[in-house]
Amino acid sequence: MKKIILIVSLVFLYTGASAQQDAQFTQYMYNMNVINPAYATGNESMLDLGLLYRTQWVGIEGAPKTMTAFGHMPINDKIEVGVSLVSDDIGDGAKKEDNFYADFAYVLKFNNTHKLSLGMKAGFTSFKTNFNGFMFESGNASTDFAFSENINTIFPNIGIGAFYYTDNYYVGVSSPNLLNSKHIEERSGINAFGSEQIHTYLTGGYVFRMSDMLKLKPSFMSKFIPGSPVTVDVSANVLYNDKFELGASYRVGDAISALMNIKATPSVRVGYAYDYTISNLGQFNSGTHELFILFNLDLLRKGFDKSPRFF
């Protein structure tokens with residue numbers, strides 16, 4: 001099968017159409033500071049580290065593969081800092097984007113449990129294309145002016161966010177990329193461009209204590225992009241004994257998902273999600289797989305009893 005996903009992506013890139021450009025995540029609740037720089041835990045001396053890998057639409061040649069890595073920790077009761085990396089690959093290297101960010105969050109305390117965090121991201125994006133050997137049905141890519149030269153550019157970016165949270169719920173709003181950087185303005189006599197559209201995220205979650213052993217954790221994420229339909233994810237997880245977690249998620253009009261994770265050790269949690277595509281694209285792929293691993297490191301060995309929050 002031809003590289004369908006790459007073709008679609010490049011159509012959007014070269015025509016300037018608006019579409020989703022930031023990576024998609026099913027387990028967004030465990031990857032939160034990648035999309036919201038204001039994400040904070042307030043757990044003094046705790047260094048939180050995480051890795052997430054997503055291979056999307058398995059079976060379609062050139063389908064997206066995404067890897068994220070992050071770390072964050074409070075440096076006092078008001079300031080939390082972090083770093084994040086998002087690496088997105090479409091077309092097996094034909095289009096690759098790496099985002100590197102430093103995060104800063106300032107926490108306002110209303111009382112012992114209600115807090116508002118305001119955050120900012122700052123960093124840069126490395127954008128590369130590699131059309132060498134790429135074949136269209138009509139011939140080699142090198143014969144098409146739009147694909148005759150590879151792109152290798154770096155541009156800055158900033159993002160902002162707000163995150164209101166208690167021991168039982170959270171609400172967040174963020175835009176991780178605010179600069180509309182243009183990848184292409186004019187090349188080989190072709191007037192075309194691909195710009196970074198601003199993605200705005202609205203997220204929220206709640207923890208219901210069903211019993212001493214059981215907690216129900218619904219959450220949602222909405223994504224707003226100019227010129228594109230609103231994306232809505234609705235999830236519900238059940239946590240047993242603060243160790244085992246099972247859940248389901250629905251991305252409106254796109255996919256249904258099964259989620260699970262386990263607290264392997266007091267400081268390590270491992271999770272997996274499977275997306276089943278329900279859109280027309282489902283007939284061309286066998287689903288999406290997503291894995292994560294989280295580390296909570298107690299640097300000062302104060303002991304750590306995590307609250308029922310999962311965010």
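Bear in mind these aren't lab numbers, they're just calculated from the coordinates by the rules spelled out. Since this is a predicted model, take the numbers as computed values, not measurements. In this analysis, Cβ positions are derived from the backbone assuming ideal geometry, glycine residues included, and neighbour counts consider all displayed protein chains.
Worth a mention:
- Using a simple spin-label model with pseudo-atoms 7 Å out from Cα toward Cβ, residue 75 and residue 262 lie 3.8 nm apart.
- Value of relative contact order over the stretch 39-133, rounded to a whole percent, pairs C-alpha under 8 Å and six or more apart: 23 percent
- Taking N as its residue count, the alpha carbon Rg of the stretch 64-123 over 2.2 N^0.38 Å: 1.51
- Between residue 209 and residue 293, the distance separating the two model label sites (each 7 Å from Cα on the Cα→Cβ line) works out to 3.3 nm.
- Ordering of 106-113, 45-52 by packing is 45-52, 106-113, highest average first (other Cβ atoms within 10 Å, averaged per residue).
- For the pair residue 252 and residue 152, the difference between a 0.36 nm per residue extended length and the Cα-Cα distance amounts to 32.5 nm.
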